[in-house]
Amino acid sequence: MALWLIPAIVLGAAHGVTAADNQFITSVAAIYEYNDNIRLNADNELSDSIYTIAPKLEVVHHSETYTVRADGMLEFYRYQEYDVFDDTDQWYN
């Protein structure tokens, strides 16, 4: 099985908006992947190019006694030929 990944491009990872003790941090990752057996099946192998876009938002509040942090990210997976496998994942912390 061949699996090739092109490293993610992260934009805005170290940038954010700061207001007093609050921060809003944004980032976006873009990933290209080629997989020659996307279903991990020995028979009837399917190969495809997979594109992933993952925007992220993080909110941080600092005070003298505590820090509160919350973030959320979406991951959009798009297959070039087999769009039946397209998917979207959500992550919250």
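The values are calculated or read from the model by the stated rules, or taken from the named source; none is laboratory data. As the structure is a computational prediction, the values presented were derived from the model and not from experiment. Ideal geometry is used to build each Cβ from the backbone, glycine not excepted, and the neighbour counts take in all protein chains shown. To get the accessible areas, we keep the full protein, side chains included, count just its heavy atoms, and leave off ligands, DNA and RNA. Shrake-Rupley method; radii C 1.70, N 1.55, O 1.52, S 1.80 Å.
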If you go through segment 22-74, how many residues are open to solvent by 50 Å² or more (accessible area, probe 1.4 Å) and of a type in the set (S, T, N, Q)? 7
For segment 62-82, which residues satisfy the criterion of being in a strand (DSSP E or B), out of contact with any Ser or Thr (no Cβ under 7 Å at 6 or more places or on another chain) and not basic (Lys, Arg)? His62, Thr67, Val68, Ala70, Asp71, Gly72, Met73, Tyr79
Can you find a residue that is modelled with pLDDT under 95 and among the small types (Gly, Ala, Ser) anywhere in segment 67-88? no
Taking the residues in segment 1-60 that are within 23 Å of Asp87 (Cα to Cα), among the charged types (D, E, K, R) and in a loop (DSSP other than H, G, I, E, B) as candidates, determine which candidate is modelled with the highest pLDDT. Asp36
